[in-house]
Amino acid sequence: MSPWGATFPFLIIVAQPPAVLVFGGGSLVSDLLYTYVVFLCSLGLSIVVYRLSPLHPLAQFPGPTIGKITQLWTLWQTLQGYKYLYHKSLHDKYGPYVRIGPNEISVIDAPAVQKILGGLDKGRYYESGRHKLTPPRHSRSPPTAS
């Protein structure tokens, strides 16, 4: 699909509210408010339906419904300071793979983490030692005050 083909539906969605205002009769302010309320509600509903549908790439992983829809519940748990307990209870209930967000999976199985992340090359500086301009890790004598 070409980039124009991918953005064309988005342009139609954005152009819909002003088009209703131009071609519809009535009060400008009430039509504008109504149009954007309908637009935002339909957009939100379509996002929720997609995230819960079997068409979503992470639909095969179990998890709480609120976690499949939004990250706000996880944010709330984080702000309360109990995110680790929440994740532990989800893993106790659903197993080693839990969908905790719309596009986020929590994995508690250590061998699976290696398979998911792969080798994770640490880079040329890690392999060859420190960069020559970086000071040594351990100094032999403590710095003296002058």
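Computed from the coordinates by the stated procedures, all read-outs in this text should not be read as laboratory data. Since the model is a prediction, treat every value here as computed from it, not as a measurement. No Cβ is skipped: glycine too gets one built from the backbone with ideal geometry, and neighbour counts run over all protein chains shown.
Modelled label positions at residue 73 and residue 41, each set 7 Å beyond Cα in the direction of Cβ, lie 2.4 nm from each other.
Quick check on the exposure proxy: order 51, 99 from fewest to most C-beta atoms within 10 angstrom.
Numbers: 51 20, 99 23.
With the fewest neighbours first, 51, 99 line up as 51, 99.
If contacts are Cα pairs under 8 angstrom and at least 6 residues apart, what is the relative contact order of segment 59-124 in percent?
Numbers: 59 pairs, mean separation 22.1, N = 66.
Taking the mean separation of contacting Cα pairs over the length of segment 59-124, I get 33 percent.
Going by neighbour counts of Cβ atoms within 10 Å, the residues 37, 48, 29 line up, fewest first, as 29, 37, 48. What residues of segment 94-115 lie in the reach of a label at residue 60, counting those whose backbone N is under 14 Å from a point 7 Å from the Cα along Cα→Cβ? Answer for segment 94-115: 97-99. Using only alpha-carbon positions in segment 61-123, the gyration tensor eigenvalues give semi-axes of 23, 14, 12 Å once each is multiplied by 5 and square-rooted (largest first).
Roughly speaking, what is the stretch gain from residue 80 to residue 103, that is 0.36 nm per residue apart minus the C-alpha to C-alpha distance, in nm to one decimal?
Length difference between fully extended and current span is 6.1 nm.
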